[in-house]
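*Asks:* The structure that follows is given in the form of structure tokens.
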Amino acid sequence: MAAALAPSAECWTIADLQAGASARVEFTVTPDDMAAFAALSGDHNPLHTDDAFARTKGFEGAVVYGALMVAKVSQLIGMRLPGRDSVWASLAMDFRKPLFVGQAAEVEGTVAEVSASTGMVVLKITVRAGGKTLAKGQAEVILVSR
């Protein structure tokens, strides 16, 4: 059986990066994504799995798992900025507003600091939907030298 081709990743070097560089990933979390995550994680909290229940608690519908938004941060770091030769050292996120299933969103990373001596890149992370900031954070990423 032939292996499926993986999407190609950007491949930034420390020399290429400077403060202010940015990239984004647009996404929409589907009901199938939510079901797969519930099965994988074992988290079947009805705030995430049941629209009607979530509405009784004052939400517009089922609330996307925060970890699925973090998964899009992973896509941003591993595929876009810095891309292929990077690995996380740390991630801190503050979730301010919920994302709902089926709602279009984007995660953006902006380079805040670059250290050529350590290979460390600090990214400011923002998740937005509908013109509102849903989450903010910071990622420290090690860019592996070649």
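*Asks:* I need the full set of residues from segment 130-146 which are outside any strand (DSSP E or B) and closer than 24 Å to THR28 by Cα, in order please.
*Replies:* Once the filter is applied, which keeps residues that are outside any strand (DSSP E or B) and closer than 24 Å to THR28 by Cα, segment 130-146 yields GLY130, GLY131.
*Asks:* Any residue in segment 65-77 that is open to solvent by less than 40 Å² (accessible area, probe 1.4 Å), closer than 30 Å to VAL141 by Cα, part of a loop (DSSP other than H, G, I, E, B) and modelled with pLDDT under 95?
*Replies:* Checked against the condition, which is being open to solvent by less than 40 Å² (accessible area, probe 1.4 Å), closer than 30 Å to VAL141 by Cα, part of a loop (DSSP other than H, G, I, E, B) and modelled with pLDDT under 95, segment 65-77 yields no hits at all.
*Asks:* Also, quick follow-up: Does segment 80-93 include one or more residues that are aromatic (Phe, Trp, Tyr), in contact with a strand residue (DSSP E or B) (Cβ under 8 Å, 6 or more places away or on another chain) and under 20 Å from ALA21 (Cα atoms)?
*Replies:* Yes; the residues of segment 80-93 include at least one that is aromatic (Phe, Trp, Tyr), in contact with a strand residue (DSSP E or B) (Cβ under 8 Å, 6 or more places away or on another chain) and under 20 Å from ALA21 (Cα atoms).
*Asks:* Determine whether VAL127 is in contact (Cβ under 8 Å) with a residue 60 or more places away in the chain, open to solvent by less than 30 Å² (accessible area, probe 1.4 Å) and not in a loop (DSSP other than H, G, I, E, B).
*Replies:* no
*Asks:* Something else now. Restricting to segment 95-124, name every residue that is within 30 Å of LYS57 (Cα to Cα), of a type outside the set (A, V, I, L, M, F, W, C) and assigned to a strand (DSSP E or B).
*Replies:* GLU106, GLU108
*Asks:* Which residues, taken from segment 94-124, are open to solvent by 70 Å² or more (accessible area, probe 1.4 Å) and not hydrophobic (A, V, I, L, M, F, W, C)?
*Replies:* Matches in segment 94-124: ASP94, ARG96, LYS97, GLU113, SER117, THR118, LYS124.
*Asks:* Of the conditions (1) within 17 Å of the chain's Cα centre (by Cα); (2) open to solvent by less than 50 Å² (accessible area, probe 1.4 Å), THR28 fails just one. Which one is it?
*Replies:* Just one mismatch for THR28, condition (2).
*Asks:* Ok, one more. Can you pull out the residues in segment 23-49 that are part of a loop (DSSP other than H, G, I, E, B) and in contact with a helix residue (DSSP H, G or I) (Cβ under 9 Å, 6 or more places away or on another chain)?
*Replies:* VAL29, ASP43, HIS44, ASN45
*Asks:* Could you list all residues from segment 34-50 that are open to solvent by 70 Å² or more (accessible area, probe 1.4 Å) and not β-branched (Val, Ile, Thr)?
*Replies:* ALA39, LEU40, HIS44
*Asks:* Let me ask you something else. Determine the pairs where a residue that is closer than 11 Å to VAL101 by Cβ and polar (S, T, N, Q), located within segment 41-60, has a partner that is open to solvent by less than 60 Å² (accessible area, probe 1.4 Å) and at pLDDT 95 or above with Cβ atoms under 7 Å apart, the partner being 6 or more residues away or on another chain.
*Replies:* Going by the 7 Å Cβ cut-off, the qualifying pairs are THR49/MET34; THR49/ALA38; THR49/ALA62.
*Asks:* Still on this model: For segment 50-64, which positions are basic (Lys, Arg) and outside any helix (DSSP H, G or I)?
*Replies:* LYS57 - this is the single residue of segment 50-64 that is basic (Lys, Arg) and outside any helix (DSSP H, G or I).
The values are calculated or read from the model by the stated rules, or taken from the named source; none is laboratory data. Predicted model only: the values in this text are computed from it and were never measured. Please note: Cβ atoms are built from the backbone with ideal geometry, for glycine as well, and neighbour counts cover all protein chains shown. Side chains included, ligands, DNA and RNA excluded: accessible areas come from the protein's heavy atoms. Shrake-Rupley method; radii C 1.70, N 1.55, O 1.52, S 1.80 Å.
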